[in-house]
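Before any comments, here is the structure.
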Amino acid sequence: MEAVDFTNYPAEIQSAANKYEDFIRARLEPDLTQVVADRDAVYNRMSEYLKLKTHIETIRSQNLDELETKVDLGSNFYAKAFVPDTEFLFVNVGFGFHLQMTLNEADEFIDQKVKHMEKLADKYTEEANQIRAKIKMA
């Protein structure tokens, strides 16, 4: 935000301008930061679901009955994993719950989940744009 010099204005205007600038710094900017972080988190989760969908398509296209892969344990630390049967997989459905699904069920779930996440990300984007507009008006 560009600082404006209000020293040549009456005291009431200086006071009001300072209060508004304080409101922007104390409320709007942190709100904008949080909304953008929330939107980015949604995009990151969406990316994970889309990766899973790609893996499902690979399993189908190559007609794999078993699978040897690497699993990210966190912080880009990978471990080898062997899946003896690719008929079922466990999908994170939210709130720490994982459900066993067939490839078709997982595919359908991912489609629905991604649509929901796109709407949520759009909501966060709109909210961020509204906050930016309020900041810009200052």
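Averaging the sequence gap over all C-alpha pairs within less than 8 Å and six or more residues apart, then dividing by the number of residues, gives the chain a relative contact order of 29 percent.
Based on DSSP H runs of at least 4 residues, each adding -39500 (n - 2.57), what is the mean residue ellipticity at 222 nm of the chain after dividing by all its residues, to the nearest 500 deg cm²/dmol?
That calculation yields -20500 deg cm²/dmol at 222 nm.
Distant-in-sequence amide contacts of VAL83, defined by a placed amide H-H separation under 5 Å and a gap of 5 or more residues or a different chain, comprise LEU67, GLU68, THR69.
With a 1.4 Å probe and every protein chain kept in, tell me what percent of the accessible surface of the chain is carbon plus sulfur. Can you show the working numbers first?
On the way: 5520 of 10350 Å².
C and S fraction of accessible area: 53 percent.
The charge dipole of segment 59-115, taken about its Cα centre with unit charges on the Cβ of Lys, Arg, Asp and Glu (plus for the first two, minus for the last two), comes to roughly 300 debye.
Solvent exposure of segment 31-71 amounts to 69 Å² per residue of accessible area, where only protein heavy atoms count and the probe is 1.4 Å. Relative to the longest principal axis of the Cα atoms of the chain, the long axis of helix 103-136 lies at roughly 10 degrees.
Using +1 on the beta carbon of Lys and Arg, -1 on that of Asp and Glu, and nothing else charged, what's the dipole of the chain about the Cα centre, debye to 20? Don't skip to the answer; put the middle values down first.
Working: 17 positive and 25 negative charges, 67 e Å.
In total the dipole reaches around 320 debye.
Farthest towards the positive end of the charge dipole of the chain, among the residues ALA81, ALA37, ALA26, is the Cα of ALA26, using unit charges on the Cβ of Lys, Arg, Asp and Glu. Compared with the dominant Cα axis of the chain, that is its longest principal axis, helix 11-23 is turned about 10°. A convex hull fitted around the alpha carbon atoms of segment 20-91 yields 103 Å³ per residue. Would you mind checking the tilt of helix 29-61 against the longest principal axis of the Cα atoms of the chain, expressed as 0 to 90 degrees and rounded to 10? Approximately 20 degrees, to the nearest ten. Note on the chain: dipole from Cβ charges, positive end direction compared against ALA121, LEU64, GLY94; the farthest Cα belongs to ALA121.
The values are calculated or read from the model by the stated rules, or taken from the named source; none is laboratory data. Every value quoted in this text rests on a predicted model; they were computed, and no experiment measured them. Please note: Cβ atoms are built from the backbone with ideal geometry, for glycine as well, and neighbour counts cover all protein chains shown. SASA here: full protein model, heavy atoms, side chains in, ligands and nucleic acids out. Shrake-Rupley method; radii C 1.70, N 1.55, O 1.52, S 1.80 Å.
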